[in-house]
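Enquirer: Take this structure first; my questions come after.
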Amino acid sequence: MLRIAIVLILFAHGIGHSMGLLQLFKLAVINPAWKGDSWLLAGTAAPMIAVLGVVIWSAAIIGFSAAAAILLGWLPATCWVSVAVGAALVSLVGLFLFPTAFPTTSSIGAFVVNSAVLVAVLWGGFGPAQFAET
């Protein structure tokens, strides 16, 4: 049961990054304060910033979906650490570069999930082995 809960959290967190894509492609207004810009990349051409946003949000979606699939046993467990840590770091970079892309509560929640993944995997040794059938 715990495995399914963690899988759902990882998958939902990954899919949540689609809000950035929806806003970049002007399919939805997720946070009216965000105009697709980055405070750190001020002066960079808007299309370049948009491409970076698409890459970051897409990588986070794929990464967290893959992490969920690893916990379900659908992908090799040997990929767990690199996929889970990579997805969390990419998501944190996105939050850092585009802090107003999401509503504040979503950004805080994303920060908490990303931090929990990093702590659990890097310091707690959490991974698919905890759910191995004996």
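The values are calculated or read from the model by the stated rules, or taken from the named source; none is laboratory data. All of these numbers come straight from a predicted model, not from anything done at the bench. Glycine gets a Cβ as well: all are built from the backbone with ideal geometry, and neighbour counts include every protein chain shown. Ligands, DNA and RNA are stripped out before the accessible areas are found, and what is left, the full protein with its side chains, is counted by its heavy atoms. Shrake-Rupley method; radii C 1.70, N 1.55, O 1.52, S 1.80 Å.
Enquirer: For the stretch 1-35, what are the residues that are touching a helix residue (DSSP H, G or I) at 6+ places or on another chain (Cβ under 8 Å), in contact (Cβ under 8 Å) with a residue 60 or more places away in the chain, assigned to a helix (DSSP H, G or I) and open to solvent by less than 70 Å² (accessible area, probe 1.4 Å)?
Expert: Scanning the stretch 1-35 gives ILE6, VAL7, LEU10, HIS13, GLY14, GLY16, MET19, GLY20.
Enquirer: Let me ask something else. Among the candidates LEU122, LEU92, single out the residue that is part of a helix (DSSP H, G or I) and open to solvent by 60 Å² or more (accessible area, probe 1.4 Å).
Expert: LEU122
Enquirer: With surrounded by 14 or more Cβ atoms within 10 Å (Cβ to Cβ) and either within 18 Å of ASN114 (Cβ to Cβ) or polar (S, T, N, Q) (or both) as the only criterion, which of SER38, SER82 stands out?
Expert: Unique residue meeting the criteria: SER38.
Enquirer: Only one of (1) farther than 28 Å from PHE25 by Cβ; (2) out of contact with any helix residue (DSSP H, G or I) (no Cβ under 9 Å at 6 or more places or on another chain) is not met by THR105, so which one is it?
Expert: The single condition THR105 does not satisfy is (1).
Enquirer: Contact list please: Cβ distance under 6 Å, first residue in the stretch 75-101 and modelled with pLDDT under 95, second residue in a loop (DSSP other than H, G, I, E, B) and open to solvent by 40 Å² or more (accessible area, probe 1.4 Å), pairs at least six apart or on different chains.
Expert: Hits for this filter: THR100/ALA33.
Enquirer: So for the stretch 45-68 (the condition being touching a helix residue (DSSP H, G or I) at 6+ places or on another chain (Cβ under 9 Å) and in a loop (DSSP other than H, G, I, E, B)), does at least one residue qualify?
Expert: no
Enquirer: Here are ILE70, ILE61: which of them is open to solvent by less than 70 Å² (accessible area, probe 1.4 Å) and touching a Cys at 6+ places or on another chain (Cβ under 7 Å)?
Expert: Just a single option satisfies the conditions, and that option is ILE70.
Enquirer: Which of (1) in contact with a Gly (Cβ under 8 Å, 6 or more places away or on another chain); (2) of a type outside the set (Lys, Arg); (3) touching a residue at least 24 places away in the same chain (Cβ under 8 Å); (4) more than 18 Å from VAL112 (Cβ to Cβ) does LEU72 not meet, given it meets every other one?
Expert: LEU72 satisfies every listed condition except (1).
Enquirer: Next question. Does ILE61 fit the bill of being in contact with a Ser or Thr (Cβ under 7 Å, 6 or more places away or on another chain) and either at pLDDT 95 or above or on the phi < 0 side of the Ramachandran plot (or both)? Explain how you work it out, then say what you get.
Expert: Working: in contact with a Ser or Thr (Cβ under 7 Å, 6 or more places away or on another chain): yes; either at pLDDT 95 or above or on the phi < 0 side of the Ramachandran plot (or both): yes.
It is true that ILE61 is in contact with a Ser or Thr (Cβ under 7 Å, 6 or more places away or on another chain) and either at pLDDT 95 or above or on the phi < 0 side of the Ramachandran plot (or both).
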